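Take a look at the structure below.
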């Protein structure tokens, strides 16, 4: 992320807090002129204490802080991965192989699983996850023509209320945990045009009535976490009381991380539900959903 992008990121994080530059100055103790220089991309060197003050005043979670400090390094994503040379071959630069390896894993898993990118676009979904989330035929048909049509955000917070209508108990815990995952893993990409395109759609109250509330709630929640893992316990209208842990495997690519998410049952009832899903839906994956890495949106 170059300095211009980092400046845009700081500006967006400031606006998430509903801060003016002056209010950020008051909250952080950072000189107002310095904040302006950062957001305009003209400040080239960031002292560690400056970054810590920014992270504190912006109420970043632990994982967001890690992403924020990495963004401040100025190193572009394509240089984070190991670079190939005449003496070294690496698959990390081959995005087809990386996604193919992850797909070959979830098509054999007997739990709900899917692969998403840093924008929460679902690239690959296994049959069990499709049966578990139960997107309507109308949602699937309209996804290609809907901003964020294949994102987890739409399933959780979109106007169809696909998940909200099914969770009859402990919705708040589920919603905050899910949104935290979206926020934390997208932080270094918030200044990208595609993310801004998505955010414009997500902040449309008619299309995503639940989004803004939970997007802002994440930064104010006291419960933090140190790993990309959560335990969810809620009552589902069709499946009854469900308890599972999310296990996330991350692949680093030149175009950002890919996340393989699987749901691991934590009680006998949930194991029985997943076994029934396997019986009805079978193993395997759906055809590719959202495009990656190229995003056709403008």
Would you check which residues across segment 265-286 are under 22 Å from residue 241 (Cα atoms), buried (at least 16 other Cβ atoms within 10 Å of the Cβ) and touching a helix residue (DSSP H, G or I) at 6+ places or on another chain (Cβ under 9 Å) and list them? 265, 273, 274, 277, 278, 281
Please find, within segment 1-36, the residue that is surrounded by the fewest Cβ atoms within 10 Å (Cβ to Cβ) out of those that are assigned to a loop (DSSP other than H, G, I, E, B) and over 20 Å from the mean Cα position of the chain (by Cα). 18
For segment 131-142, what are the residues that are in contact with a helix residue (DSSP H, G or I) (Cβ under 8 Å, 6 or more places away or on another chain) and either assigned to a helix (DSSP H, G or I) or without any contact (Cβ under 8 Å) to a residue 24 or more places away in the chain (or both)? 131, 132, 133, 139
Considering segment 271-289, residues that are part of a loop (DSSP other than H, G, I, E, B) and touching a residue at least 12 places away in the same chain (Cβ under 8 Å), and then whichever is nearest to residue 142 (Cα to Cα), we arrive at 289
Working only within segment 213-257, note down all residues that are more than 28 Å from residue 93 (Cα to Cα) and in a strand (DSSP E or B). 231, 232, 233, 234, 235, 236, 240, 241, 242, 243, 244, 245
Just to check your reading of the model, which residue among 120, 57 is surrounded by 16 or more Cβ atoms within 10 Å (Cβ to Cβ), at positive phi and in contact with a helix residue (DSSP H, G or I) (Cβ under 7 Å, 6 or more places away or on another chain)? 120
Over segment 150-165, the set of residues touching a helix residue (DSSP H, G or I) at 6+ places or on another chain (Cβ under 9 Å) and touching a residue at least 24 places away in the same chain (Cβ under 8 Å) is 150, 151, 152, 153, 154, 156, 157, 158, 160, 162, 163, 164
Yes or no: segment 110-130 includes at least one residue that is within 25 Å of residue 188 (Cα to Cα) and in a helix (DSSP H, G or I). no
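Here, each number is a calculation from the coordinates, and none is a lab measurement. Source: prediction; values computed, not measured. Cβ: placed from backbone, ideal geometry, glycine included. Neighbour counts: every protein chain shown.
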